[in-house]
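Notes to accompany the following structure.
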There are 2 protein chains.
Amino acid sequence: MAMRIPIARAVKRATSSSPATSFIPPCASRWRRGNATMAPPVTQNSVGSKGPTAMVFMNMGGPSTTDEVGDFLSRLFADGDLIPLGRLQNYIGPYIARRRTPKIIKQYAEIGGGSPIRKWSEYQAAEMCKILDQTSPETAPHKPYVAFRYADPLTEDMYKQLITDGFGGGKGGRAVAFTQYPQYSCSTTGSSLNELWKWRSRLEGKRATTGEVDQEGAIQWSVIDRWPTHPGLVETFAQNIEKKLLEYPKERRHDVILLYSAHSLPMSVVNRGDPYPAEVAATVHAVNERLGQKHQYRLVWQSQVGPQPWLGAQTSNTVKSLMKKGHTDLILIPIAFTSDHIETLYELDKEVIGEDAKGHEGVKRVDSLNGNPVFIEALADLAKTHLSSGIACSKQMTLRCPGCTSERCLASKEFFAGQSLQLKTDLTGAA
Amino acid sequence: MAMRIPIARAVKRATSSSPATSFIPPCASRWRRGNATMAPPVTQNSVGSKGPTAMVFMNMGGPSTTDEVGDFLSRLFADGDLIPLGRLQNYIGPYIARRRTPKIIKQYAEIGGGSPIRKWSEYQAAEMCKILDQTSPETAPHKPYVAFRYADPLTEDMYKQLITDGFGGGKGGRAVAFTQYPQYSCSTTGSSLNELWKWRSRLEGKRATTGEVDQEGAIQWSVIDRWPTHPGLVETFAQNIEKKLLEYPKERRHDVILLYSAHSLPMSVVNRGDPYPAEVAATVHAVNERLGQKHQYRLVWQSQVGPQPWLGAQTSNTVKSLMKKGHTDLILIPIAFTSDHIETLYELDKEVIGEDAKGHEGVKRVDSLNGNPVFIEALADLAKTHLSSGIACSKQMTLRCPGCTSERCLASKEFFAGQSLQLKTDLTGAA
């Protein structure tokens, strides 16, 4: 499976799918044509914004129970941003999903019956908001939400809940889309943002026949779209590695090899200019610098599937090759996810350590960031900096991949670029 | 051509190929069998070393005149580290080289009849040594040398000159191999080090029949093997970009896209775990951070040849795609070379800017680092830090790529790892 991501329990607030009182009829047909120049610039001035502020954690999500695996895979293989199957997406996608479901159900069963990603996402968002209420009183109160791409709570349900809770739908208000992928890929953060923009259009679009868009009272969105080398992120990874190194006898510790493992991408995505591989490398470099470059290391790539070429070297092959050469003290570091999920609990722990390394005691995995308080402080720091910056999204996010042909991406990026322009106008006006 | 690198004039000192007085007969047959456990640990204690110190700049080099193109290409296609052609290397290599020579001669003719890489390398090494004599008096005097992999001055000639000049050959002395590739690849720095180790073995090996190696009086080598995010390197790139941005009208400047272009690698090299792509990405990230992340950017890859898959996105395609989308303000930044050479002067300037961008005034290239004094200060800082560190090479360099099967790499790395061990022993003994 391309992106095997786990489940969880839900933030009640974000999953309740009671019809939103201020629900606005979908008007996505226009959007679907990719008429992206229609994308409305939102009149957002985040410098002057007041609370409450919705803090929306975006991730792929994962099935909380094995019963949800079928739906999860159906949505995953229907997503052309993640797995581009062309015109036949709606036919081939469900077929592959059905075919893979029994195997994936077994894998989730082996890691306890579901993914903990929802539990951790909800915990991280809630704890971060508590800190933010203290450190950013001008945007308080901060309300935590979770929006998953392929599992509950879905983006659609999160958006309806926002409206139920009094955001948008004529009442305005401010929300921050905070990607939980530290490194940006069109397959992950890009896909979540495209989905958010879709539901924003459907639920708050109010398009006029002239092509003008009246978004008065709609939610003002801004995005934390990447944070590959935030010092708090780097510190958490480094501390987890240092902790794991202590499990080796002192005389072996110096020669332990660090294997930073990230989800791979198909070469077709890499070659169209996806920024993810370079940003993952930036995280790896920053962590190694923090560790004083004292250990041998490699950045390796996991979770390749299917016959098409993916970016390597592969995690699995690397572990096997190194062990063959006599290197049996290896620490695996999942460097592109912040919570445990099937890629850590099944792929790394059971397949790579259990099978490839035959359970060798020298091959270990660092803890995922999960509920680590240093990590949650980092999230709060990122959010506070963003809220006070007046920036709608990073400059980098507004550049489509050179080889991109996706109308969804164009529409979504124009929306966020529009926010930046609007924001700039507001700031200039205020100056 | 896989690596199209330029010419220059020569450092007289390093090119004079008069027979070395203390020349020791080659004994490479053993080495050729890859019996790498034979590699002698050098009794080096760089902390306690005194001058003179030989500072050897390693690079691929390039033909200084069009007459040298044939020899240059012959050596390049004979190098299995760079272009692995298997058992038929000695047959296919010369054939490809001969076939490509006329085309490459034309390219060098178009950039003035040769590559300036030798001129710049000699200048950089000499200027750096002047600074080092001031900042590191304990290892002074510092004597500059240049060793190219495929053009004059060749590694072999440089080594013989070292011996002529009184280094090694029974007299001991200290030399630093300083790669002029900021980011490590087995195809570039790795190949140069393998070559250095080969000539070190041949000229100073004195192997005994027991398998013991007597290297008393041999040169003590240490290596500066990578420096992808040295602050001075990052600063020079950033200043050059800022300078180039000033050439755009103020109202366009903010939206200029930065395209960091590095020499690509075949996917077979990437997939065996070559560290280069991740280190190039680290440089790009550091430069963008220094620039305040104010510009859209991409890391792109140039100089792909032949039918096998290479790492992308390609520089040429990226420029064409972006221009098609209306982005015509683009700055090309050669991020993995420090001097001008055929990849900048011909590929970027003539092919990408001249042909792909049809000479559009918005598409520009930053100056190469060449004789930039900020860059030369950076080189001196790197060298001084290395000389006072007592480190023989980076920890990372001693790890072979997980998919590596090269006996040359094994032997070379064991040699340098041996130096580290020896150094550690010396330090412990001295403590």
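So, with +1 on the Cβ of K and R and -1 on the Cβ of D and E, and no other charges, what is the size of the charge dipole of the range B:280-431 about its Cα centre, to the nearest 20 debye? If you can, show how the numbers build up before the last one.
Values: 16 positive and 16 negative charges, 97 e Å.
For this selection, approximately 460 debye.
Which shape class applies to the range A:231-365: rounded if a/c is under 1.5, otherwise prolate when a/b exceeds b/c and oblate if not, where a ≥ b ≥ c are the square roots of the Cα gyration tensor eigenvalues?
oblate
Based on Cβ point charges of +1 for Lys and Arg and -1 for Asp and Glu, what charge dipole magnitude is obtained for the range A:66-110 about its Cα centre, in debye rounded to the nearest 20?
280
Per-residue Cβ counts within 10 Å, from other chains only, averaged over A:282-289: what number is that?
Going residue by residue through A:282-289 and averaging, the value is 5.
Using Cα centres only, tell me the gap between the range A:334-377 and the range B:253-315 in whole Å.
Each part's Cα centre sits 29 Å from the other's.
The range B:333-380: which trypsin sites (Lys or Arg not before Pro) are DSSP loop and have at most 14 other beta-carbon atoms within 10 angstrom?
On the way: sites: B:LYS350, B:LYS358, B:LYS364, B:ARG365; in loops: B:LYS358.
Within the range B:333-380, the qualifying trypsin sites (Lys or Arg not before Pro) (loop, at most 14 other Cβ atoms within 10 Å) are B:LYS358.
Closest approach to the A-B rotation axis by any Cβ of A: residue and distance in angstrom?
Residue of A nearest the axis onto B, distance in Å: A:ALA281, 2.
Between the DSSP loop rule and a limit of at most 11 other Cβ atoms within 10 Å, which trypsin sites (Lys or Arg not before Pro) in the range B:44-106 are left?
The qualifying sites are B:LYS50.
Please compute the modelled spin-label separation between A:LYS324 and A:ARG252, points set 7 Å along Cα→Cβ, answer in nm with one decimal.
Computed distance between label sites A:ARG252 and A:LYS324 equals 2.2 nm.
Can you order the peptides B:321-330, A:218-227 by their average number of other Cβ atoms within 10 Å per residue, highest first?
Values: B:321-330: 17.1, A:218-227: 24.3.
Packing order, densest peptide first, comes out as A:218-227, B:321-330.
Go through B:298-307, A:309-318 and give me the packing order, highest mean Cβ count within 10 Å leading. Write out the running numbers ahead of the final one.
Numbers: B:298-307: 19.4, A:309-318: 22.8.
Final packing ranking: A:309-318, B:298-307.
Going down the table (A:LYS294/B:LYS143; A:LYS143/A:LYS384; A:LYS50/A:LYS384; A:LYS395/B:LYS364; A:LYS413/B:LYS294; A:LYS364/B:LYS395), which pairs top 19 Å between alpha carbons?
Flagged as over cut-off: A:LYS294/B:LYS143; A:LYS395/B:LYS364; A:LYS364/B:LYS395.
Averaged over peptide B:313-320, how many Cβ atoms belonging to another chain are found within 10 Å of each residue's Cβ?
Mean shielding count: 3.
Which distances in nm, rounded to one decimal and ordered from shortest, link the label point of B:GLY354 to the equivalent label points in the other identical copies, with labels set 7 Å from Cα toward Cβ?
6.0
Shortest first, in nm, what separates the label point of A:GLU242 from those of the same position in the other copies (7 Å along Cα→Cβ)?
Sorted ascending, the copy-to-copy spacings read 3.3 nm.
How far is A:HIS254 from the same spot in each other copy, in nm, shortest first, if each label point sits 7 Å from Cα toward Cβ?
So the distances to the same position in the other copies read 5.4 nm.
Using the Cα centre as the reference, give the magnitude of the dipole from point charges on the C-beta atoms of the range B:231-365 (Lys, Arg: +1; Asp, Glu: -1; all else neutral), rounded to the nearest 20 debye.
Dipole about the Cα centre, nearest 20: 380 debye.
Can you work out the Karplus-derived ³J(HN,Hα) for every residue in the range A:225-240? Use 6.51 cos²θ - 1.76 cosθ + 1.60 with θ = phi - 60°, whole Hz, and x for glycine or proline.
The phi angles translate into 9, 6, 7, x, 10, 4, x, x, 5, 4, 5, 5, 4, 4, 5, 5 Hz.
Only loop residues by DSSP count here, and only those with at most 13 other Cβ atoms within 10 Å; note down the GluC sites (Glu not before Pro) in the range A:313-380 that meet that.
A:GLU361
I want the local charge near B:MET58. Using Cβ-Cβ distances under 11 Å, sum +1 for each Lys or Arg and -1 for each Asp or Glu among the other residues. Each step should come with its number before you reach the end.
On the way: positive: B:ARG149; negative: B:GLU195, B:ASP225.
Net charge around B:MET58: -1.
Here, each number is a calculation from the coordinates, and none is a lab measurement. Here the structure is a predicted model, which is why all the values come from computation and not from measurement. Neighbour counts run over all protein chains shown; Cβ positions are idealised from the backbone, glycine included.
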